1. Mind checking the log10 I(q)/I(0) for the chain at q = 0.08, 0.09, 0.13 Å⁻¹? Debye, one equal scatterer per Cα, no solvent, two decimals.
2. Using DSSP to define loop residues, name the trypsin sites (Lys or Arg not before Pro) in region 377-467 whose beta-carbon has at most 16 other beta-carbon atoms within 10 Å.
3. Pop a pseudo-label 7 angstrom from the Cα along the beta-carbon direction at both residue 219 and residue 405 and give the gap in nm to one decimal.
4. Gain in length, residue 347 to residue 360, computed as 0.36 nm per residue apart minus the alpha-carbon separation, to one decimal in nm?
5. In whole percent, and with a 1.4 Å probe on the protein chains, what portion of the accessible area of the chain is carbon and sulfur?
6. Longest exposed-loop-site-free stretch of the chain, with chymotrypsin sites (Phe, Trp or Tyr not before Pro), DSSP loop and at most 11 other Cβ within 10 Å?
7. Suppose we keep just the alpha-carbon trace of region 259-319; what are its Rg and Dmax in angstrom?
8. What is the distance in Å between the Cα centres of region 407-449 and region 354-373?
Amino acid sequence: MQLQLILNLIFVIAIEFDIAIDIDYICANYLGKMKNLVEELKWRGLYHDSMPGTEEQLLKEVTTAYIGFDPTADSLHIGSMVQIILLVHLKNFGHQPIALVGGATGMIGDPSGKSDERNLLNEETLAKNVAGIKSVLSRFLDFNSTDANAPVMVNNYDWMKEFSFIDFAREVGKRITVNYMMAKDSVKKRLSGEGEGMSFTEFTYQLIQGYDFYHLYKNNNCILQMGGSDQWGNITTGTELVRRMGGENSKAFALTTPLITKADGSKFGKSEGGNVWLDADKTSVYKFYQFWVNTTDVDAEKYIKIFTFLDREIIDALIDEHKTAPHLRVLQRKLAEQITIFVHGKDALEDAIKKSEFVFSNFTIESLKEEGEDFFLDIFSEFDQPVIKKADLENGLDIVLGLSDLTNVFPSRGEARKALSSNAVSINKEKVQVETLLTLKDVFFDKYILVQFGKKKKYFVINVEKD
C-alpha cells in the first residue's frame, strides 16, 4: 500500500510539472524493487554461468555492466545478437549498459576459441570497423538518451593510446602472475594445440581486456562484465584486476551466456552465403528474414526465447499452437517477424514478407518486371546462375542443349529431354516443350532467363552475357 501511494505521488508530480519519468529506474533506485534479470535470462536460455553474488547484486540496486565488441569487421552479424540482446535486457530491467568497442584490443585479436593467430589490422581498416560497429549498436541502444540509466558507448583505444609499454607493465602486468594467465583455457588450448602456439601479443590480450574492466570500474562505476562463455577466462582476469587494483572494498562480477548452436550441433549464425549480417547492404532484409523462417522446429522453439522480447505466456502459447499444426510454421514466422523488426524495422519486414510471398505465388514474368531488377535479384540471386553467351541465342538455341551441355541445369541431355517431355519445365513461368528454342526474346532485364522445374519449383537463373 505504501509503495502504491509513493508511485501515485510521483505520477501526480510528474504530470503537474510535465516531467518524463522512468518508473523502472525509480523503483530500482529508491524503492528497492529490482526485477530478477538472472531469472529472466535462465528461462530464455541466455544464462551460462556467473560469479557468486552476481544475481544478488543485480537484485539489490541499479548496476552498471559492460560487454565488449571487437572490430574484426565493419559491421556485426547475428553471432553478436545474443550480446546485443543481453544489453537491451539489462537496460529494460533498470540497469545501465555499456557497449565497449575494442579499438585497442582489436589491434591484437582475441585468442579465445581460435586455433591460429589473427592477421593484424591496419589503423585505417580498424577505424572503419570501429565506426561501422558503433553505427550498428546505435540502432539498438539509444546512446543519446537522457534516462538515468542511459546506455553508454566507449572505445578502449581512448584510454590505451597514451599508455606506454613500461607503464602498463608496471601498473598492470605486475598485478597478475604468468601462472594465473597460463591457467586460462584459451591459453592452454593454444599452447597444447598443433598450431604455432601463441604470440606474446595475443598472450597480453586478457590483461588489456582486464584493464578495460578496471578502467570502467574506476571511471563509470561499472562492476559487472558480461559476454559469451568463451570469454570467461578474460572476464575473470578483469574481476581479479579490479580487486587487486581497486582497493580493499572493490567488488566485481561476471556473467556469461551460452554458445548458441543449431539442433544438429553445427555453428549458429551461418547461411549458405556465409555470415548473416545486421546491415542490409551486406545481408538483404529478405535474406535475413528467410534465415529465421527456415529454422527447424527444434531451433525455432529455442531461438524465439533467445532472440525476441516476447513474454513467457505468449511464447508458451505460440509453442503449443505450433505443435498442433507444425506445417503452418507459426513459431518460425513469429521469430522472423520479431527479430526482423528489431534489427531492420517494420517497413523492412513488410518488404521482406512481400518478397517471400511473391516467390511462392503464381507470379508472372511481367509482374516480376514491374517490381524491378533489384527486387528480382534480392529474391533469386541465391539460386545457381549458369552462364550462356548472347550469341548462342541469336539464331535460336535448342532447349535440350541449352539446359544440359551449356548450363548443367540438367546433368545430361537425356534428363533434360525427359523433364521437358513430362511438362515439368518452365521458362520465365511458361511451360515449354522439347522442340522449344531459347531466343533473345526470353531474356528479361537484358540479362536473365528464369528456369523452373520439379514439384518443389526449383529455380535456376541463366545469366546471359554479352560477347
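The values are calculated or read from the model by the stated rules, or taken from the named source; none is laboratory data. Predicted, not measured: the structure shown is a model, and the values here were computed from it. Virtual Cβ from ideal backbone geometry, glycine too; neighbours counted across all protein chains shown. To get the accessible areas, we keep the full protein, side chains included, count just its heavy atoms, and leave off ligands, DNA and RNA. Shrake-Rupley method; radii C 1.70, N 1.55, O 1.52, S 1.80 Å.
1. So the normalised log intensities work out to -0.63, -0.76, -1.20.
2. Passing sites in region 377-467 are 429, 447, 455, 456, 457, 466.
3. 7.0 nm
4. Working it through step by step, the gained length comes to 2.6 nm.
5. The computed percentage sits at 50.
6. Here the longest segment lacking exposed loop sites spans 18-359.
7. 12.6, 36
8. Their Cα centres are 19 Å away from one another.
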